[in-house]
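**Student:** What follows is a structure written as structure tokens; I'll ask about it next.
Read-outs: derived from the displayed coordinates by stated rules, not from any lab. What you see is a predicted model; the values in this text were computed from it and never measured. Here Cβ is always computed from backbone atoms with ideal geometry, including for glycine, and neighbour counts include all displayed protein chains.
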Amino acid sequence: MQKNNSLWQFFASVKLALVILCLIAITSIIGTVIPQKEAAEFYAANYGPRMAQFFSILDIPDMYNSWWFLALLFLLGFNLIICSIDRFPGVWKQVNADGLALTPERLQKMANRSSWTSPGSVDEVRAALLEKLQASGFKAGSRKDDQTTILFSQKGHWTRTGVYMVHASILVIFLGAIIGSLGGFKGSVMIPETQESSKVFLYDGKGVEELDFAVRNNKFRIDFYPNGMPKEYTSSLTVIEQGKEVLTKVIEVNDPLTYRGITFYQSSYDPYQDFVVVVTTPDGEEQTFIIPFQQQKAWTEKNLKFGVINAKVLGQSIVSSKLWFSDGNDSPATVWIDDGAEATIERQNGTYQVSAKQMYATGLQVAKDPGVWWVYIGCGLMLFGLYVAFFMSHRRIWLLLTPNGDQTEVLMTGSANKNRAGFERTFENLGELLKGNENQA
């Protein structure tokens, strides 16, 4: 019934698949050339008001999420399913076909043929050939009747399913994308040093995602080239869940933090005019303070006062700062401290260790994609399926044994569904191997 159904044949058509793939490729080029997810004013300024309106109607600014692009992907998936349902039973029938059911007349008409005469009875020759075929990696069997004996062996019968592995891989990738779209999110968050956040601001103004845990920015570090350009930057992050610190990691670009399926990528930073000052008292007690530039801060319990009164700047960043420090006993001390370095201040009641650095906020891209492993599995399956479909073949060998007195006439035939030139070499080498075996028998 399916064979005569024109609608079924339309969706099972390879031509339809090629047309869809071409459309996806062309539209993907458009989505690459035209910047995505910009403000409406951007398109009006660069392409004109009419073209910007046309872009808006077709969702060109967010093309990969547009209804028509998703419809193309759905149509491709549907086409692959129908193609597989329509053709796979025939392929599976070939995979499981009984090679011993072929008649001697049909074997004698095959293109690849080789014949020789072996000493010994049919049973002796059959046993020797089966042993040799199995030693060569061919799965072999035999059938005997009154006149002839047929041996059948094959390799790679499952490779006929390679193209359907590719079909399945595309569907698995689509499944992963759907799972990621429904159960995941993408956003960003800016966390100042010493502070924490459990909120992620979703892209495209989709709101805020509340996490079940918080992430604290313990410390941000940045290194510069001599010309003041940023060289590299890192953030020390701590995951806090139910008031407990469960994980700490220093992240950098391309080395993110992942916790409970949510990944935090180092993406940007924002310098502040404030300073992070860490003071360690002579008795070993340490405390961190956030101090605005040229403002005084007090550690009341220790009778300490301090502040940053001057700074040296390279580009937009501070490379060293001048710290004013008083413990209420002697005259206040001043000391220059390189950004992030530590200085020693001697006072009557002991030695204080002080460090000072410019305060930064770390910019994190945050993503949750529960379908990513499905995508990885699909990509792996696609690579394997492509390798099977293009570089492996189903090779079949038949041996027709006919008694001739105290000798046996052997006719060897074979076929392969792909790479016939390569199979001819395999056929010749195997024939020489089997003849040599028989001559020794």
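**Student:** Taking 0.36 nm per residue of separation and subtracting the Cα-Cα distance, what length does fully extending residue 260 through residue 206 add?
**Tutor:** Stretched fully, the residue 260-residue 206 segment lengthens by 17.2 nm.
**Student:** Per residue Cα convex hull volume for segment 185-368, in cubic angstrom?
**Tutor:** 134
**Student:** Once the Cβ-Cβ distance between residue 225 and residue 64 is put in as r, and R0 is 35 Å, what FRET efficiency do you end up with, to the nearest 0.05?
**Tutor:** 0.45
**Student:** A follow-up question, please. Output the relative contact order of segment 128-263, whole-number percent, from Cα pairs under 8 angstrom with separation of 6+ residues.
**Tutor:** Relative contact order for segment 128-263 comes out at 11 percent.
**Student:** Against the longest principal axis of the chain, how steep is helix 372-391, in degrees 0 to 90 to the nearest 10, with axes from Cα atoms?
**Tutor:** Long axis of 372-391 versus the principal axis of the chain: about 30 degrees.
**Student:** Right, another one. Give, rounded to the nearest 20 debye, the magnitude of the charge dipole that the chain has about its Cα centre when Lys and Arg contribute +1 at Cβ and Asp and Glu contribute -1 at Cβ.
**Tutor:** 1840
**Student:** Under 5 Å between amide H atoms, partner at least 5 residues away or on a different chain: which partners does residue 195 have, H built in plane at 1.01 Å?
**Tutor:** Amide H neighbours of residue 195: 217.
**Student:** A further question follows. What length, rounded to one decimal in nm, is gained on full extension from residue 40 through to residue 286, with 0.36 nm per residue of separation minus their alpha-carbon distance?
**Tutor:** This chain segment gains 83.4 nm when fully extended.
**Student:** With respect to the cross-link table entries 186/219; 312/357; 219/302; 132/155; 219/249; 206/368, which display a Cα-Cα separation exceeding 19 Å?
**Tutor:** Over 19 Å apart, Cα to Cα: 186/219; 219/302.
**Student:** For mean projected area of the Cα convex hull in nm², the choices are (i) 37.4; (ii) 26.9; (iii) 30.1; which was calculated from the structure?
**Tutor:** (i)
**Student:** Oh, and also: If each of residue 124 and residue 268 carries a label point 7 Å out from its Cα toward its Cβ, how far apart are those two points in nm?
**Tutor:** With each label placed 7 Å out from Cα toward Cβ, I get 8.6 nm.
**Student:** How high is the relative contact order of the chain? Use alpha-carbon pairs under 8 Å, at least six apart in sequence, and give a whole percent.
**Tutor:** 20
**Student:** With contacts defined as alpha carbon pairs under 8 Å and 6 or more residues apart, what's the relative contact order of segment 6-92 in percent?
**Tutor:** Computed over segment 6-92, the figure is 44 percent.
**Student:** Hey, if you put +1 on the Cβ of every Lys and Arg and -1 on every Asp and Glu Cβ in the chain, which of 9, 257, 49 ends up farthest toward the positive end of that dipole?
**Tutor:** Result: 9.
**Student:** So, one more: Packing-wise, with mean Cβ within 10 Å as the measure, how do 157-165, 182-190 rank, highest first?
**Tutor:** Per-residue mean Cβ counts within 10 Å order the peptides as 157-165, 182-190.
**Student:** Right, next: For segment 420-436, in order, what is each residue's ³J(HN,Hα) by Karplus, 6.51 cos²θ - 1.76 cosθ + 1.60 with θ = phi - 60°, in whole Hz (x at glycine and Pro)?
**Tutor:** 5, 5, x, 5, 4, 5, 4, 4, 5, 5, 5, x, 5, 5, 5, 5, x
**Student:** I'd like the orientation of helix 122-135 relative to the chain: the angle between its Cα long axis and the longest Cα principal axis, in ° from 0 to 90, rounded to 10.
**Tutor:** So the helix axis and the longest Cα principal axis differ by about 10 degrees.
**Student:** Give me the orientation-averaged projected area of the Cα convex hull of segment 330-441, in nm², one decimal.
**Tutor:** 20.1
**Student:** Moving on. By counting other Cβ atoms within 10 Å of each Cβ, how are 364, 75 ranked from fewest to most?
**Tutor:** Least crowded to most crowded, the residues run 75, 364.
**Student:** Take the chain, connect every pair of alpha-carbon atoms lying under 10 Å apart with a spring to form a Gaussian network, then pick out the residue of 367, 333, 311 with the largest mean-square fluctuation.
**Tutor:** 333
**Student:** Quick one: Cα centre-to-centre distance for segment 28-42 and segment 197-231, in angstrom?
**Tutor:** Cα centroid to Cα centroid, the span is 26 Å.
**Student:** Output the 0 to 90 degree angle, nearest 10, between the alpha-carbon long axis of helix 162-183 and the longest principal axis computed from the alpha carbons of the chain.
**Tutor:** 30
**Student:** Arrange the following residues from fewest to most other Cβ atoms within 10 Å of their Cβ: 335, 388, 372.
**Tutor:** Starting with the residue having the fewest Cβ neighbours, the order is 335, 372, 388.
**Student:** A follow-up question, please. Using the basic label-point model (7 angstrom from Cα toward the beta carbon), what is the residue 71 to residue 299 distance in nanometres?
**Tutor:** Spacing of the two 7 Å Cα→Cβ label points: 6.8 nm.
**Student:** Fewest Cβ neighbours within 10 Å first, please rank 82, 30, 57, 240 accordingly.
**Tutor:** 57, 30, 240, 82
**Student:** Cα centroid distance between segment 243-265 and segment 285-316, in Å?
**Tutor:** So the two Cα centres are separated by 30 Å.
**Student:** Give me the one-decimal nm value for the distance between modelled label points at residue 25 and residue 8, 7 Å along each residue's Cα-to-Cβ direction.
**Tutor:** Those two pseudo-labels are separated by 3.1 nm.
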